[in-house]
1. Being within 33 Å of the chain's Cα centre (by Cα) and surrounded by 14 or more Cβ atoms within 10 Å (Cβ to Cβ) is true for just one of 130, 192. Which residue is that?
2. For region 26-96, please list each of the helices (runs of 4 or more DSSP H) lying entirely inside it that holds at least 2 residues being at pLDDT 95 or above and surrounded by 20 or more Cβ atoms within 10 Å (Cβ to Cβ).
3. Can you confirm whether region 202-212 contains a residue that is more than 30 Å from residue 248 (Cβ to Cβ) and either in contact with a strand residue (DSSP E or B) (Cβ under 6 Å, 6 or more places away or on another chain) or at pLDDT 95 or above (or both)?
4. Just give me the residues in region 230-259 being surrounded by 19 or more Cβ atoms within 10 Å (Cβ to Cβ) and within 19 Å of the chain's Cα centre (by Cα), in sequence order.
5. Take the conditions out of contact with any strand residue (DSSP E or B) (no Cβ under 8 Å at 6 or more places or on another chain), part of a loop (DSSP other than H, G, I, E, B) and either surrounded by fewer than 12 Cβ atoms within 10 Å (Cβ to Cβ) or on the phi < 0 side of the Ramachandran plot (or both) and apply them to residue 139. Does it pass?
6. Can you find even one residue in region 345-352 that is under 19 Å from residue 227 (Cα atoms) and surrounded by 17 or more Cβ atoms within 10 Å (Cβ to Cβ)?
7. For region 164-173, check the following and say yes or no: at least one residue is over 24 Å from residue 31 (Cα atoms) and touching a strand residue (DSSP E or B) at 6+ places or on another chain (Cβ under 6 Å).
8. For residue 160, indicate whether it is in a loop (DSSP other than H, G, I, E, B), at pLDDT below 95, surrounded by 13 or more Cβ atoms within 10 Å (Cβ to Cβ) and in contact with a helix residue (DSSP H, G or I) (Cβ under 8 Å, 6 or more places away or on another chain).
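The values are calculated or read from the model by the stated rules, or taken from the named source; none is laboratory data. Everything quoted here is computed from the prediction, not taken from an experiment. Cβ sites come from the backbone with ideal geometry, for glycine too, and all protein chains shown count toward neighbours.
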């Protein structure tokens, strides 16, 4: 049986990867690999203490102490993601009804480490005074003449298993590839040719594909004009009624420029990585669709175009910086200093702010809210 192509769709943050996923959904051979039909992201590999952190520690200046801590943190993260119902990530026991995810963790740890019976200072939790030990020390001093370095001093240790994990590169990456393959297999559909994993990696991880994944894995990175990101971050995404959360990016141009230039990595030159611009899904639709079909091995004749992703709607989510004159002035520094990242629009168009992110879900929510205000329901 031919293995399906597994694909990570990702972005640097709010760059429009969900729009690409909507486009890919329009092909019958594509399956969005998730345990729920609601929005779901695979955070397990890059979360703090996850597989990438584990590999970074074990493959770089590793010692018995930090290898033990890395394995412990990996197990702790796995338990957290497995046992808690976070909804849009992790929640494996909730969705699967069992601990099959934890078995993958145990298998990887067994392949790269051994258990130590003797504890180490790495597991010491505190030091205290033990009267019993003091009596024994005094007795030994009287009977055997032994020195007493510290009367009654006793070390207390945690009860965690102690691991010795110093695998070779060959051993670790073989185990890592098996782990990622079996993890993605948890979500596999019987009939799909392409399995899509939302945000399984960040774009910064594109250089890890050869080490951590088998050959049937690719990655699509979605980039976006930083001027739109700046305006939407400051004036829309984090304002009521959309959200009351703090903005993710800085809301001053120079601070935004500094952070964005550090966030965006160079586009990877690899036949396993495709980088596209969100804007090309709208302004260069036919070409970018052909590029995606060629990259994923999809047939254009089977594309149910515009059934989910509608460029004529998404165009309202571009060139937001043109809505107000003061916004245009505000992004001038971004245009100058981040010119290489700014999209060259084929024409200027002022979007309709009332239609920003006008998805069917949003339209339904607005209708329900209006009906409630009118004293009725839908």
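1. Result of the check over 130, 192: 192.
2. On the way: elements: 51-58, 64-83, 92-96.
By residue number, 51-58, 64-83.
3. Going residue by residue through region 202-212, those that are more than 30 Å from residue 248 (Cβ to Cβ) are 210.
Now drop any that are not either in contact with a strand residue (DSSP E or B) (Cβ under 6 Å, 6 or more places away or on another chain) or at pLDDT 95 or above (or both), which leaves 210.
Yes.
4. Passing the criteria: only 249.
5. Values: out of contact with any strand residue (DSSP E or B) (no Cβ under 8 Å at 6 or more places or on another chain): yes; part of a loop (DSSP other than H, G, I, E, B): no; either surrounded by fewer than 12 Cβ atoms within 10 Å (Cβ to Cβ) or on the phi < 0 side of the Ramachandran plot (or both): yes.
Against the criterion (out of contact with any strand residue (DSSP E or B) (no Cβ under 8 Å at 6 or more places or on another chain), part of a loop (DSSP other than H, G, I, E, B) and either surrounded by fewer than 12 Cβ atoms within 10 Å (Cβ to Cβ) or on the phi < 0 side of the Ramachandran plot (or both)), residue 139 does not qualify.
6. In the first step, residues of region 345-352 are kept if they are under 19 Å from residue 227 (Cα atoms); the result is 345-352.
Within this subset, residues satisfying the condition of being surrounded by 17 or more Cβ atoms within 10 Å (Cβ to Cβ) are 351.
Scanning region 345-352 turns up at least one residue that is under 19 Å from residue 227 (Cα atoms) and surrounded by 17 or more Cβ atoms within 10 Å (Cβ to Cβ).
7. Here is the first cut: in region 164-173, the ones over 24 Å from residue 31 (Cα atoms) are 164-173.
Next, only the ones that are touching a strand residue (DSSP E or B) at 6+ places or on another chain (Cβ under 6 Å) stay: 164.
Checking region 164-173: at least one residue is over 24 Å from residue 31 (Cα atoms) and touching a strand residue (DSSP E or B) at 6+ places or on another chain (Cβ under 6 Å).
8. Details: in a loop (DSSP other than H, G, I, E, B): yes; at pLDDT below 95: yes; surrounded by 13 or more Cβ atoms within 10 Å (Cβ to Cβ): yes; in contact with a helix residue (DSSP H, G or I) (Cβ under 8 Å, 6 or more places away or on another chain): yes.
So residue 160 passes the test.
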